[in-house]
Amino acid sequence: MVALCFLTIVFDGYDLIVYGSAVPSLLAEPGWGMGPAQAGAIGSYALAGMLVGALGAGAVTDAVGRRRIMLIGITWFSVLMLACAVAPGPGVLGILRFLAGLGLGGVIPSAIALTVEYAPRGRRQLYNALMFVGYSVGGVLAAVMALLLAADHGWRPLLAIGAAPLVIVLPLAWRFLPESVGYLLAKGRDDEAQALAVRYGLDLPALRAERTASTGAAGPRGLFRPGTAGATLLFGAASFCGLLLVYGLNTWLPQIMRQAGYPLGSALTFLLVLNLGAIAGTVVASVLADRFGPKPVTAGAFLLATACLVVLSQRVDTWLLLVAVAVAGLGSVGTQILVNGYVAVHYPTPVRATALGWALGVGRAGAIVGPLFGGWVLASGIGFEWNFYGFAVPALAGAVLIALVPRASGNTAHVTTTKEEATA
C-alpha cells in the first residue's frame, strides 16, 4: 500500500517539478515570447488547481473513500499532462496546467491519510516520510530527464513523461490499493474492515475506539471546534510557508543559478541536489520526529532552511553551495513532508483527510505565490542574493508557526499509545 502511494507521489512530484526544469526551454520557445514573469504565472496555475483539488478532495474523500479519489486523481492528472505536452501556446498551456493541478492536489490528502492509517503506531512519521519522499524522487527524475532531453528535444517530451502513470501506476492501484479501514467502519462495512485489519495487521478495536471517541468531529466543522481551531489555522499558515519554499525553489532554482553564471547542465544539477538532499534528510528527520515528536523536528527543519538560504545568497565555493542546496532540500521539501505528518497524527481518523486537505489547500496559496514571487524578483534585477533572502523570511515564519501549535485536545485527539502521538 505504501509502495503504491509512493509511486503515485513520484509522478505527482515529477509533474510539478518538471515545469521548473522546462522553464529555460519554455523561455526560448520560438514564437512564444515568454518572459520570466509569464513563466512564473503559468507555473502557479497548476498550483491554483492543486488548491482547489486538495480542498475539494480532502473533504470529499472522507465521504466517498480514499481509494476512489486516488484512482480518479491518477487518471485525471496523467491525461492532462499528455495534453500539456502538445499545447500550442502559453495560454493553453496555462489552462491545461491548472486542470492537471486538480488531480495532482486531489491524490495527496488520500495518500497521506492511507499511509498514516496503515502504518505501525510508533512509526507513522517514518512511513509517511518514506511514502512522501516520492515527491523528491519525482524531482530527481525530472532533473535527470531534463539533463538528458532538454538541450536537444526541448520541453515537450519532459511533460509527456507525466502521462506514464496511466500504464505504470493505475493498473497496480486498481488491483492492489486497499480502502481506508476507518472509512469502511463509518459506512457499516464491518466485514470488509475486519478482513483488511487481519491482512495488514491493524488493531481494529483501537480504530473503533478512535472513531467512537471522535464522534461528531467528522467533516470540515471538526477542524474548527473548540480546542482545534487554533491548530487548524496555524497548520494552514505553516503549510503556506512550506509550500511557498517548495515550489518557489523548484520552479526557479535552475534559472537563478543560470543567472549567476552557471551553464544549463550545472544549473539543473542544483535542482537534482536539492531533491536528493530532501530524500535523505527527510528520512532521517522523520525518525527523529517519531522519537522526539513532530513539533521540535519540524520547527528545526524550518530553521535549517532559513540558515541555508542565507548561505546560498553568498558567493561561496561550489562544494559549500552544493551542501547548502542539499540541506535546503530538507528545509523546504522535507519540512513540508514533516508538516503533513504532524497534521496527520494531530487529528483523528474521521477528520484526518479533511485536515490534510485544509492544510494542503491553504498551503497551495503559498505554492502559487512562490513561483510568482520568484519570477518577480528575477525579473526585477535587484540582485542575485535577493532571490534567496525573499525565501528565507517564510522559512523563519514557518518555524515560529509550528512552535505555536498547541497540544491536541482530548475530545478530538485519537487514542495515543506512543510518544510520537502523545507529543502531537
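The values are calculated or read from the model by the stated rules, or taken from the named source; none is laboratory data. Bear in mind the structure is a predicted one, so any value in this text is a computation, not a measurement. Cβ placement follows ideal geometry from the backbone for every residue including glycine, while neighbour counts extend to all protein chains displayed. Protein only, heavy atoms only, side chains kept; ligands, DNA and RNA dropped before computing areas. Shrake-Rupley method; radii C 1.70, N 1.55, O 1.52, S 1.80 Å.
Reducing segment 1-69 and segment 106-144 to their Cα centroids gives an inter-centroid distance of 16 Å.
Could you look at the chain and say what percent of its accessible area is carbon and sulfur, using a 1.4 Å probe and all protein chains?
Answer for the chain: carbon and sulfur cover 70 percent of the accessible area.
From its DSSP helices (H runs of at least four residues, each -39,500 (n - 2.57)), the chain gives a residue-normalised ellipticity at 222 nm of -26500 deg cm²/dmol. Read through the labelled values [x] 22.2; [y] 22.8; [z] 21.1 and report the label of the one computed as Kirkwood radius over Cα pairs in Å from the structure. Read-out taken from this structure: [z].
Scoring 368-374, 161-167 by mean Cβ neighbours within 10 Å over their residues and listing the highest first yields 368-374, 161-167. The slack in the chain from residue 151 to residue 376, taken as 0.36 nm per residue of separation less the alpha-carbon distance, amounts to 78.5 nm.
Structure remark: mean-square fluctuation, Gaussian network model of the chain, C-alpha springs under 10 Å; the largest value among 342, 14, 183 belongs to 183. Residues considered: 292, 11, 235. Largest GNM mean-square fluctuation over the chain, using C-alpha springs under 10 Å, is found at 292. Considering only 344, 142, 379, the Gaussian network model of the chain with Cα springs below 10 Å gives its largest mean-square fluctuation to 379.
Considering only protein heavy atoms, what per residue accessible area in square angstrom results for the chain with a 1.4 angstrom probe?
On a per-residue basis, 34 Å².
Looking at the chain, identify the longest residue range that excludes and avoids all trypsin sites (Lys or Arg not before Pro) in DSSP loops having at most 16 other Cβ atoms within 10 Å.
Answer - 1-186.
Where does each of 276, 309 land when they are ordered by accessible area, with a 1.4 Å probe and the largest first?
276, 309
For residue 204 and residue 229, the FRET efficiency from 1/(1 + (r/R0)^6), where r spans their Cβ atoms and R0 equals 35 Å, is about 0.65. Taking a ≥ b ≥ c as the square roots of the Cα gyration tensor eigenvalues, segment 272-318 comes out oblate, since a/c reaches at least 1.5 and a/b does not exceed b/c.
Between the listed residues 406, 269, 238, the Cα displaced farthest toward the positive end of the dipole of the chain, a dipole computed from Cβ unit charges relative to the Cα centre, is found at 406.
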